[in-house]
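Okay, structure first, notes after.
The values are calculated or read from the model by the stated rules, or taken from the named source; none is laboratory data. Note that the structure is predicted; figures quoted are calculated from it, not measured. Note that each Cβ is placed from the backbone with ideal geometry, even for glycine, and that neighbours are counted across all protein chains shown.
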Amino acid sequence: DAGVIQSPRHEVTEMGQEVTLRCKPISGHNSLFWYRQTMMRGLELLIYFNNNVPIDDSGMPEDRFSAKMPNASFSTLKIQPSEPRDSAVYFCASTIKETQYFGPGTRLLVL
Amino acid sequence: RKEVEQDPGPFNVPEGATVAFNCTYSNSASQSFFWYRQDCRKEPKLLMSVYSSGNEDGRFTAQLNRASQYISLLIRDSKLSDSATYLCAVNKRPGAGSYQLTFGKGTKLSVIP
């Protein structure tokens, strides 16, 4: 198994631009999590899907952030418009029980 | 009190030393606890689960103290390759059938030759 796949691995963009992060969970895993990690705030949960349905999006910072999971093998996290304070590493993780398997992350820098 | 708290460190220890980290949690109803390891510029990876009876895996021992609401990780005979950040994680919504975890900010360990 290839593990959780994320793309792009690095993204540099300018303030105001739209950013789309992609995640392919491990096949058979029915829960998917999006996290953001910064030095100051650590690893923060943004949103959580179970069987493709968003269960808890209370961690989404504001309306500029949105996430979708159209099927069991694909999810996106979109930021529109992006701001410099969105610069962070964004991780996707999938799980079938309690062990979460993380993807390699997307390093986002918003200038 | 924060949901999950860890001493950020860094803990600088010589090779061969024994080192221990603690992690406190605020929700007394929490049932599931984990230690994750994160190498520099990499993703977190599960190191071990923490059971009520404790858990040992080679040089690593994890324990749970429910009365004082903390979990611990003990590393014996430290290796250079143990240098990493160790994150503790606690089930966010115990009993709700949810696998949401709340992570601590991590404790950085540097093992020195």
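Numerical summary
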| read-out | value |
| --- | --- |
| Number of the exception - B:ASP77 against (1) at negative phi; (2) more than 13 Å from the chain's Cα centre (by Cα) | (1) |
| Evaluation of A:PRO81 against (1) closer than 21 Å to B:PHE34 by Cα; (2) modelled with pLDDT of 95 or more; (3) part of a loop (DSSP other than H, G, I, E, B) (one fails), failing number | (1) |
| Failed item in (1) surrounded by 14 or more Cβ atoms within 10 Å (Cβ to Cβ); (2) of a type outside the set (Asp, Glu); (3) modelled with pLDDT of 95 or more; (4) farther than 19 Å from A:LEU109 by Cα, with A:PRO70 passing the rest | (1) |
| Set A:HIS10, A:HIS29: member being within 14 Å of another protein chain (Cβ to nearest Cβ) and either farther than 30 Å from B:SER49 by Cα or touching a helix residue (DSSP H, G or I) at 6+ places or on another chain (Cβ under 7 Å) (or both) | A:HIS10 |
| Among (1) more than 14 Å from chain B (Cβ to nearest Cβ); (2) at pLDDT 95 or above - the single one A:GLU62 does not satisfy | (2) |
| Test: residue in the range B:24-45 that is farther than 30 Å from A:ASN51 by Cβ, outside any loop (DSSP other than H, G, I, E, B) and in contact with a Ser or Thr (Cβ under 7 Å, 6 or more places away or on another chain) | no |
| Complete set of residues in the range A:3-16 that are touching a strand residue (DSSP E or B) at 6+ places or on another chain (Cβ under 8 Å) and part of a loop (DSSP other than H, G, I, E, B) | A:GLY3, A:VAL4, A:PRO8, A:ARG9, A:GLU14, A:MET15 |
| Index of the failed condition, B:GLN31 passing every other in (1) surrounded by 16 or more Cβ atoms within 10 Å (Cβ to Cβ); (2) at pLDDT below 95 | (1) |
| Selection status of B:LEU87, without any contact (Cβ under 8 Å) to a residue 40 or more places away in the chain, within 14 Å of chain A (Cβ to nearest Cβ) and under 24 Å from A:ALA93 (Cβ atoms) | no |
| Residue tally, condition surrounded by 12 or more Cβ atoms within 10 Å (Cβ to Cβ) and within 14 Å of chain A (Cβ to nearest Cβ), over the range B:35-61 | 16 |
| Filtered residue count, the range A:29-43, keeping only those that are buried (at least 17 other Cβ atoms within 10 Å of the Cβ), part of a strand (DSSP E or B) and of a type outside the set (Gly, Ala, Ser) | 7 |
| Count of the range B:71-112 residues which are at pLDDT below 95, surrounded by fewer than 17 Cβ atoms within 10 Å (Cβ to Cβ) and in contact with a strand residue (DSSP E or B) (Cβ under 8 Å, 6 or more places away or on another chain) | 1 |
